[in-house]
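To keep things clear, I will list the structure first and then write my remarks on it.
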Amino acid sequence: MRAYWEERARLNAAFYVDTSLDYDAPDMTRFLETGKLVAALALDDAPVVPGQRRLAVEIGCGLGRICLALSERFDKVIGYDISEEMLEQARPLVADRAVELRHTDGAGLPGLADRSADLVVTFTVFQHIPDVDVITSYVREAGRVLADDGVFAFQWNNTSGARRWRWRRAAMSVVQRLGRGDRYDRDRPEFLGSRVPLAVMDAALADAGLVRVGLRDPGQLFTWAWATRQA
């Protein structure tokens with residue numbers, strides 16, 4: 001995953017964070033505005049909100065658009081990403097002292113104290129992870145760092161056919177290696193990621209000491225859920 005996203009960041013970081021952008025001329029104003037939309041989706045009209053607004057943490061911050069939006073709502077924001085190149089490009093865009101960007105090994109939140117985060121959020125990250133065990137590792141980390149009255153708000157690919165998707169992903173990877181795939185390398189396993197059933201995600205939450213308290217658009221690519229600590 002690290003090698004893939006380092007390369008994507010060098011080629012066109014904004015596009016690979018948000019492939020709805022024009023590859024040759026990404027609209028960065030629009031790109032940054034979408035960060036505010038994601039923050040609003042996670043927090044406004046949500047089934048549960050954090051008890052405090054001291055620290056927000058983003059898993060897979062990319063160029064920092066969501067971190068920047070969260071800095072308007074929280075005292076401090078920490079964003080983690082697997083790509084050092086993404087983080088290097090993010091720092092000039094996120095010129096806010098309230099935002100700190102950190103490198104991760106791709107499965108954890110290093111340097112973050114237990115029960116310190118009021119919000120943990122992730123968007124268009126889990127959907128790209130090809131190994132479900134890595135996703136569940138991040139869920140465990142969210143449970144570790146979440147404050148007692150904190151909220152874990154996350155999006156993932158909940159479309160049906162998880163096993164069929166693995167087979168299709170393998171076949172598309174072969175086509176890519178033969179030089180006949182997507183011109184932007186979006187048919188690699190590191191982009192296609194995983195489809196995770198709701199029961200699997202709920203089990204991962206329970207293993208992390210969390211319980212799902214809200215769900216939006218189940219069965220979709222952009223399924224959202226909210227979780228809190230188990231009572």
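Since every read-out is calculated from the coordinates, none of them should be taken as a lab result. Just so you know, these numbers come straight off a predicted model, no measurement behind them. Counting neighbours? That spans all protein chains shown, and the Cβs are built from the backbone with ideal geometry, glycine included.
Apply the Karplus parameterisation 6.51 cos²θ - 1.76 cosθ + 1.60, with θ equal to phi minus 60°, to every residue of the stretch 110-118 and state each ³J(HN,Hα) to the nearest whole Hz, in sequence, with x for glycine and proline.
Running phi through 6.51 cos²θ - 1.76 cosθ + 1.60 with θ = phi - 60° gives x, x, 9, 6, 4, 6, 10, 9, 7 Hz.
What dipole magnitude, in Debye to the nearest 20, does the stretch 2-229 give about its Cα centre under +1 on Lys/Arg Cβ and -1 on Asp/Glu Cβ?
In debye, rounded to 20, the stretch 2-229 gives about 640.
If amide hydrogens are placed 1.01 Å from N in the peptide plane, which non-local residues have theirs closer than 5 Å to the one on G214?
For G214, the qualifying residues are W226.
What is the stretch 123-231 by shape, rounded, prolate or oblate, if you read a ≥ b ≥ c off the alpha carbon gyration tensor as root eigenvalues and call it rounded for a/c under 1.5, prolate for a/b larger than b/c, and oblate otherwise?
prolate
Using 7 Å Cα-to-Cβ label points, what is the A25/R180 separation (nm, one decimal)?
Placing both labels 7 Å beyond Cα along the Cβ direction yields 3.5 nm.
Would you please give the residues with an amide H less than 5 Å from that of G79, counting only those at least 5 places away or on a separate chain, with H modeled from the backbone geometry?
So G79 has HN proximity to E58, E100, L101, R102.
When the Karplus curve 6.51 cos²θ - 1.76 cosθ + 1.60 is applied with θ = phi - 60°, which whole-Hz ³J(HN,Hα) does each residue of the stretch 120-125 get, with x for Gly and Pro?
10, 9, 8, 9, 6, 10
Among A170, P189, G214, pick out the residue whose Cα is farthest towards the positive end of the charge dipole of the stretch 140-231, where Lys and Arg carry +1 and Asp and Glu carry -1 on C-beta, about the Cα centre.
Positive-most Cα among the choices belongs to A170.
Extending each Cα 7 Å along its Cβ direction at L215 and D114, get the distance between those two points in nm, one decimal.
In this crude label model, L215 to D114 measures out at 3.1 nm.
Using the Karplus equation 6.51 cos²θ - 1.76 cosθ + 1.60 (θ = phi - 60°), what ³J(HN,Hα) coupling, rounded to whole Hz, does each residue of the stretch 186-202 give in order, writing x for Gly and Pro?
8, 10, 8, x, 5, 9, 5, x, 10, 9, 10, x, 4, 4, 5, 5, 4
So if I take the centroid of the Cα atoms in the stretch 62-93 and the same for the stretch 166-228, what is the distance between those two points in Å?
The two parts, judged by their Cα centres, are 23 Å apart.
Antiparallel as a % of all DSSP beta bridges within the stretch 2-229, to the nearest 5?
Antiparallel: roughly 40 percent of the beta bridges in the stretch 2-229.
List every residue whose amide H lies under 5 Å from the amide H of D27, counting only residues 5 or more places away in sequence or on a different chain, with H placed 1.01 Å from N in the peptide plane.
D22
Rank-order 76-85, 178-187, 221-230, 15-24 by packing density, defined as the average count of other C-beta atoms within 10 Å over each peptide's residues, highest first.
So the order, starting with the most tightly packed, is 76-85, 221-230, 15-24, 178-187.
Using the reciprocal of the averaged 1/r over all distinct C-alpha pairs, how large is the Kirkwood radius of the stretch 50-158 in Å?
After inverting the pairwise mean of 1/r, the radius is 13.6 Å.
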